[in-house]
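Remarks on the structure that follows.
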Amino acid sequence: MSKQKQLQVSAIENGTVIDHIPAASLFDVISILGLDHISNLITFGTNLDSHKFDKKAIIKVADKFFERDEINKISLVAPHAKLNIIRDYEVVEKRDVTIPDEVIGIVKCFNPKCVTNNESIITRFKVEDKIDLALKCHYCEKNTTRDELQMM
Amino acid sequence: MKNRSLVSISDYSKKEILHILELAAGFESNPNQPLMRGKVVASLFFEPSTRTRLSFDTAINRLGARVVGFTDASSSSTTKGETLKDTIKMVSNYADLIVMRHPLEGSARYASEQSKVPIINAGDGANQHPTQTMLDLYSIQKTQGTLENLDIFMVGDLKYGRTVHSLLMALSLFNPTFYFVAPKEMSIPREYKTFLKNMGIRYFEQNEMGNLEKADILYMTRVQKERFSDPMEYERVKNTYVLKNAMLADTKDNLKVLHPLPRVNEIHPDVDANPKAYYFEQAENGVYTRMAIMSAIMGVK
Ligand SMILES: [Zn+2]
C-alpha cells in the first residue's frame with residue numbers, strides 16, 4: 001500500500017471514507033448524501049490523481065456509517081466509488097456501491113413535459129439498464145439516460 | 001379491474017384485455033344498459049378534445065350515469081393556479097369515477113395516486129391513451145375475428161405517435177408480425193425495437209409503401225409538418241405515405257384500413273368508399289369499449 005493511500009484513508013478515528021469518486025461528481029455526491037446538512041467532521045480532497053479517471057475525489061466523514069440503501073444512491077454519479085469503514089483508525093470493511101433497481105427522489109426527469117417537472121412531486125424511476133444507465137420515469141414512462149442525468 | 005385506475009394499456013393483462021373486448025361486444029349488441037344509474041362520473045378535460053370527450057359522454061349517458069366536470073382548463077380553477085393534486089383531491093370527494101385528459105405526461109399516473117376513486121386516462125400529453133388502444137384492439141378483433149398471428153402494417157409518424165406505441169405494446173401479447181413504414185426521421189424508436197426483440201416478435205422496417213398484399217391491418221397515422229426539423233424533408237416525404245385506393249387493389253380480402261382520426265391528407269378520399277376502409281366505424285367502437293372499461297372498473301359488469 002502506497003504512502004499516499006495510507007495518508008488518505010487513515011486520518012479519521014471512526015467513520016467512512018468514500019474513495020474513487022470522479023472529481024466532477026464530488027459536489028453531487030455531497031448533495032445526494034446530504035453531507036451539506038450534517039454536523040459531523042467532514043474532509044475532502046479533489047483533483048487527486050487516479051488510475052480509473054482523469055481526476056478523483058475522496059470524502060472522509062467522521063462518526064458516520066451509511067446504510068446500504070443510502071450509499072447506493074451515489075452509484076448513479078460515482079459508480080466505481082469504494083467505501084472504507086473505519087473503526088479505531090483501522091479499515092474494518094471495504095464496500096462497493098451498486099446501482100439500485102429503483103431510484104427515488106434524487107434524479108430529475110429529463111422530459112420537460114413530465115408532470116414531475118411542473119408540480120412538486122417526488123420523482124421515481126425504475127432502472128432499466130444498469131450498464132448504459134436508463135432510468136424509466138414512473139410517471140411519464142420516458143427514459144432518462146446518463147447524458148441527460150441531472151440531480152434534483 | 002374493479003376499482004383499479006386505467007392509466008396505461010400495460011396496466012391490463014392479456015386476459016383482462018380480452019375480458020374488456022368481450023364486454024364491449026355485449027354493449028355493441030345492446031347499447032342501452034343503465035348499469036351505472038345513480039353514479040357520478042367527473043370528466044376533467046384540462047385540454048380540449050371534442051372527439052374523445054363526446055365518446056366518453058355518450059358512453060356515460062348510455063350507462064345511465066351523470067357527468068360533471070369541465071371541457072378545458074380555462075374554465076376550471078387550474079387557471080387560478082390550483083395544483084393538479086388539489087383538484088383531484090377535491091373532485092374525488094364528489095365523484096365515483098374520474099375521466100381525465102391533461103397535457104402533461106405522467107399526470108394520469110400521478111392523479112391515480114392522489115385520488116380516492118379510480119382514474120381513467122383519456123390522454124396524458126404524448127404519453128398514453130389506453131382507451132384509444134382498446135378501441136383499436138376491438139376494431140381489429142371484430143374485423144379479423146381474432147387478435148392472434150396478424151400481419152400489422154403501421155404507417156406514418158412512428159416516432160412520436162403515441163397511439164402506435166401503445167397499440168404495438170398491446171398487440172405484442174398476440175404474436176403479430178409488424179411492418180413499420182416510415183420516413184427515416186419518423187422511424188420507430190429503438191426502445192420499442194428492443195422491446196419487440198425481447199418479446200421474440202418479428203418486425204420489418206421499410207421506407208416506402210409496399211408489400212401491402214401481406215397486410216391484415218393497415219394502421220395509418222398523421223405525418224405532421226411541425227415534427228420535422230427540416231421542412232424540405234417534409235416536402236420530400238409527405239406524399240410517400242399517402243394511401244390511395246389503387247394501392248389496395250391486390251390486398252387481402254380481410255384487410256382493413258384503420259386511422260385514429262382526425263386525418264389530414266394521409267388517406268386519399270377515394271379510399272373512403274372502399275369496403276376495406278374502416279376508420280369511421282373504428283371511431284364508433286370507442287363508445288362500446290369505453291362503456292366496457294367503465295362498467296368493469298365500477299364492478300357493475
Ligand atoms: Zn418523467
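The values are calculated or read from the model by the stated rules, or taken from the named source; none is laboratory data. These numbers come from a predicted model, not from an experiment. Because the Cβ atoms are built from the backbone with ideal geometry, glycine has one as well, and the counts that use them run over all protein chains shown. Just the protein is used for accessible areas: all its heavy atoms, side chains included, with ligands, DNA and RNA removed. Shrake-Rupley method; radii C 1.70, N 1.55, O 1.52, S 1.80 Å.
What the table shows:
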read-out	value
GluC sites (Glu not before Pro) lying in DSSP loop within the range A:22-113, provided at most 14 other Cβ fall within 10 Å	A:67
Shape category assigned to the range A:41-90 from the gyration tensor of Cα positions, a/c cut at 1.5	oblate
Backbone HN-Hα couplings from phi across the range A:122-139 [Karplus 6.51/-1.76/1.60, Hz, Gly and Pro as x]	6, 6, 8, 10, 9, 7, 8, 9, 7, 7, 7, 6, 9, 10, 8, 5, 5, 9
Other-chain or far-sequence residues with amide H under 5 Å of residue B:243's (modelled H)	B:267, B:268
Dmax and Rg, reported as Rg then Dmax, of the protein assembly as shown (C-alpha, Å)	26.9, 86
Most to least packed among B:267-278, B:189-200 [average Cβ atoms within 10 Å]	B:267-278, B:189-200
Solvent-accessible surface (1.4 angstrom probe) belonging to residue B:1, in square angstrom, nearest 10	40
For chain B: relative contact order, % (alpha-carbon pairs under 8 angstrom, 6 or more apart)	22
Rounded if a/c under 1.5, otherwise prolate or oblate - the range A:102-148, Cα gyration tensor axes	prolate
Rounded percent of accessible protein surface that carbon and sulfur make up, the range A:3-96, 1.4 Å probe	48
Long-range HN-HN contacts of residue A:82 with modeled amide H, under 5 Å	A:19, A:20
Inter-label distance for residue A:48 and residue A:108, nm, one decimal - labels placed 7 Å from Cα along Cα-to-Cβ	3.0
At least 50 Å² of accessible area lost relative to the chain alone, listed for the range A:104-152 with a 1.4 Å probe	A:113, A:115, A:119, A:139, A:141
The protein assembly as shown, accessible area per residue, ligands and nucleic acids excluded (1.4 Å, Å²)	47
Three-way shape label, the range B:90-212, alpha-carbon gyration tensor, a/c 1.5	prolate
Protection proxy ranking, peptides B:119-128, A:30-39, average beta carbon neighbours within 10 Å, highest first	B:119-128, A:30-39
Members of A:73/A:126; A:142/B:85; B:142/B:184 lying beyond 25 Å, as alpha-carbon distances in this model show	B:142/B:184
Whole-percent carbon and sulfur share, accessible surface of chain B, 1.4 Å	48
Calculated from backbone phi, Karplus (6.51, -1.76, 1.60) coupling profile of the range B:40-53 in Hz, x at Gly/Pro	10, 10, 8, 10, 10, 9, 6, 9, x, 7, 4, 4, 5, 5
For the range B:62-71, 3J(HN,Hα) per residue [Karplus equation, 6.51 cos²θ - 1.76 cosθ + 1.60, θ = phi - 60°, Hz, x = Gly/Pro]	5, 8, x, 8, 9, 10, 10, x, 9, 9
Stokes-Einstein D in µm²/s, Kirkwood radius over Cα pairs - chain A at 10 °C with 1.306 mPa s viscosity	97
Unit charges at the beta carbon, dipole of the protein assembly as shown: most positive-side option, B:187, A:48, B:127	B:127
Accessible area buried between chains A and B, both sides summed, probe 1.4 Å, in Å² to nearest 100	1200
Amide proton proximity set for residue B:179, modelled H, under 5 Å, gap of 5+	B:152, B:153, B:154, B:204
